[in-house]
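Structure record follows, encoded as structure tokens.
The values are calculated or read from the model by the stated rules, or taken from the named source; none is laboratory data. This structure is a prediction, so every number in the text was calculated from the model and none was measured. Note that we place each Cβ from the backbone using ideal geometry, even for glycine, and neighbour counts take in every protein chain shown. The accessibility values were calculated without ligands, DNA or RNA, using every heavy atom of the protein model including side chains. Shrake-Rupley method; radii C 1.70, N 1.55, O 1.52, S 1.80 Å.
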Amino acid sequence: MADSLGESILQRVEKDGKISTDVLAKLLERDHQQIVGTVKSLQALGNVIETKQQTNKYWELTPEGTQMVESGSYEALVYEAVPPEGGILQAELMKKIPNAKIGFSKGMSAGWLEVNKTAEGGPRIMRKASSIVDKVQEQLKKVHKGDIESLTDKERSELKKRKLVQEVTVNTFLVMKGSEFSTSVNKLETDLTPEMLASGTWKDRKFKDYNFDALGVMPASGHLHPLLKVRAQFRQIFLEMGFSEMPTNNYIESSFWNFDALFQPQQHPARDIQDTFFIKDPEFAHEFPMDYLERVKKVHSVGGYGSQGHKVEWRIEEAKKNILRTHTTAVSARMLYKLAQQEKFTPVKYFSIDRVFRNETLDATHLAEFHQIEGLVADYNLTLADLIGILHAFFKKLGIEKLRFKPAYNPYTEPSMEVFSYHEGLKKWVEIGNSGVFRPEMLLPMGLPEDVVVIAWGLSLERPTMIKYGIDNIRELFGPRVNLQMVYDNPICRLDK
Ligand code: PHE
């Protein structure tokens with residue numbers, strides 16, 4: 001059954017034929033919005049009622065006007081406050097009642113009051129009229145009853161000017177009988193139940209139409225962080241290209257694998273505490289393949305394999321220092337060393353995507369930890385052209401076609417190239433990665449054959465993610481200030497590439 005308000009409305013429509021929602025609100029002593037809401041739900045029942053939208057303008061009292069209906073206009077109040085005999089000092093009157101100033105000036109112009117300016121103790125207000133009629137209050141009472149029509153235009157505009165009445169516009173509905181009108185209606189069924197089927201009552205019931213425009217409820221499910229989604233995409237690209245993933249499950253690394261194995265001199269500024277986080281406990285790593293370490297020491301300090309080396313002292317104490325890895329190239333070094341220990345070399349394609357740490361000054365684009373994507377190919381006689389070709393193939397899968405390469409420097413690659421892509425949105429070339437051919441000083445001490453060349457590249461995961469998700473401050477993407485709602489609101493999947 002429709003609720004009782006619904007039925008009351010239907011009974012009114014039955015009686016009057018047509019009735020507007022604002023009239024219904026008054027008659028049924030309900031809020032207009034509540035009436036409109038109930039009318040809408042009656043409408044949803046089918047053709048029980050019909051409605052027509054209309055706008056009504058009417059006059060109502062302002063709070064000040066309502067106050068005057070009860071207690072009288074300010075001028076009447078002032079008049080009442082003036083004793084019939086002898087009057088009252090103006091200063092005293094002003095203190096005695098609120099809004100006395102307005103009341104006084106209105107009372108003066110109505111000819112109800114007069115001022116004795118020469119009285120003792122200051123100006124004195126006296127009654128001039130022996131009795132008054134509070135016309136303003138009478139007019140406001142008429143407005144209150146809905147009878148503003150009986151006021152003259154002048155009276156009405158005077159009340160409006162004094163902000164005692166105001167005109168309001170309301171959207172109302174004219175409610176009329178529909179083709180299936182009835183004063184008692186059954187609520188439409190929203191579910192077909194087993195009981196209805198068993199008892200056969202479904203035949204007599206009316207069912208609510210489907211609302212195909214309704215939005216679905218968000219499924220209660222987990223949501224992947226944008227970095228994880230983009231990581232999955234990069235991983236997919238590598239897998240499509242036949243790469244296999246390197247084990248990156250150690251954030252702590254020795255300086256040996258992070259720097260020395262990569263022919264990065266022990267005096268290199270990147271090995272300072274300003275750039276690298278050193279571990280206190282345990283401060284040092286102890287297990288190294290010692291014969292390899294000796295070869296690393298030699299190539300650094302005196303050279304070898306056709307290289308002069310760095311020609312500076314190399315100390316194992318420096319190599320032993322534990323740090324948070326500053327790049328995943330440390331993992332690549334471990335994997336290439338492992339590869340070199342195979343009896344017979346086999347070409348490999350490796351990738352990794354994981355976290356690295358740098359002692360950076362934090363700002364909108366830099367964090368002390370971020371993710372690196374790294375790829376490498378080890379094969380016989382690779383050239384720079386192979387690197388350029390594979391970078392084109394890799395970035396093409398991301399939808400990036402325009403690439404440029406700029407000569408760069410890395411301690412462990414020669415030649416080295418920064419990779420730039422043309423950003424259609426920013427309309428400029430932006431750096432997207434770093435790459436190069438690993439130096440013989442890195443590969444030969446590991447024991448790789450002389451004609452094996454390793455090409456490699458690296459990029460951050462955060463940068464393409466920020467571009468893709470339109471995030472311009474990295475701290476909104478990663479770290480303690482991430483708003484989880486951002487994770488929830490981003491699309492579950494994206495079809496653009
Ligand atoms: N390790 C480099 C970096 O941290 C990236 C890189 C990887 C460069 C492999 C060349 C080759 O920026």
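Only helical runs count toward this figure. For the chain, summing -39,500 (n - 2.57) over DSSP H runs of n ≥ 4 and dividing by all residues gives -10000 deg cm²/dmol at 222 nm.
Loop-resident GluC sites (Glu not before Pro) (DSSP state other than H, G, I, E or B) in the stretch 313-422 with no more than 15 further Cβ atoms inside 10 Å of their Cβ: GLU313, GLU343, GLU360, GLU401. The trypsin sites (Lys or Arg not before Pro) of the stretch 130-217 meeting both criteria, a DSSP state outside H, G, I, E and B (loop) and at most 15 other C-beta atoms within 10 angstrom of the site's C-beta, are LYS145, LYS163, LYS187, ARG205, LYS206, LYS208.
Solvent-accessible surface of the stretch 274-403, averaged per residue with a 1.4 angstrom probe and all protein chains in place: 52 square angstrom.
Ordering of 306-312, 38-44 by packing is 38-44, 306-312, highest average first (other Cβ atoms within 10 Å, averaged per residue). Quarter the surface of the alpha carbon convex hull of the stretch 1-129 and you get the mean projected area, 11.9 square nanometres. Do any of LYS406/LYS427; LYS297/LYS406; LYS338/LYS406 go past 23 Å between their Cα atoms, and which? Those over the limit are LYS297/LYS406; LYS338/LYS406. Near ILE432, once Lys and Arg are set to +1 and Asp and Glu to -1 for all other residues with Cβ below 14 Å from its Cβ, the sum equals +2. Over all other residues within a Cβ to Cβ distance under 12 Å of PRO63, the charged ones net out to -2, with Lys and Arg as +1 and Asp and Glu as -1. Of the cross-linked pairs LYS106/LYS160; LYS18/LYS160; LYS106/LYS163; LYS18/LYS163; LYS26/LYS187; LYS229/LYS280, those separated by over 23 Å at the C-alpha level are LYS18/LYS160; LYS18/LYS163; LYS26/LYS187; LYS229/LYS280. Positive contributions from Lys and Arg (+1) and negative ones from Asp and Glu (-1), summed over other residues with Cβ under 9 Å from the Cβ of LEU24, come out at +2. With a/c under 1.5 counting as rounded, go ahead and sort the stretch 291-352 into rounded, prolate or oblate using the C-alpha gyration tensor (a ≥ b ≥ c being the square roots of the eigenvalues; past the cut-off, prolate if a/b is larger than b/c, else oblate). It comes out oblate by the Cα gyration axes. Calculated over the stretch 72-169, the projected area of the Cα convex hull averaged across directions stands at 6.9 nm².
When the surface is traced with a 1.4 Å probe over the full set of protein chains, LYS18 keeps roughly 120 Å² accessible. Heavy-atom accessible surface of the stretch 177-232, averaged per residue, reaches 81 Å², computed with a 1.4 Å probe. For the chain, the calculated P(r) over all alpha carbon pairs, in 20 Å bins from 0 to the bin holding the longest distance, is 16, 25, 14, 20, 18, 6, 0 percent. By accessible area, using a 1.4 Å probe on protein heavy atoms only, the stretch 350-414 has 51% of its surface on carbon and sulfur. Of the listed residues HIS225, HIS366, the order by accessible area with a 1.4 Å probe, largest first, is HIS366, HIS225.
Protein-only accessible surface at a 1.4 angstrom probe places the residues HIS300, HIS423 in the order HIS423, HIS300, largest first.
Take 164-173, 478-487 and order them by the average number of nearby Cβ atoms within 10 Å per residue, most first; the result is 164-173, 478-487. Between ALA232 and MET218, the simple label model (points 7 Å from Cα in the Cβ direction) yields a spacing of 1.7 nm.
A simple spin-label model places pseudo-atoms 7 Å from Cα toward Cβ; at GLU50 and GLU80 they are separated by 5.4 nm. Projected label points at SER105 and ASP489, each 7 Å from Cα along the beta carbon direction, are separated by 5.1 nanometres. I'd like the carbon and sulfur percentage of the solvent accessible area for the stretch 161-224, probe radius 1.4 Å, heavy atoms only, ligands and nucleic acids excluded. Result for the stretch 161-224: 54 percent of the exposed heavy-atom area is carbon or sulfur.
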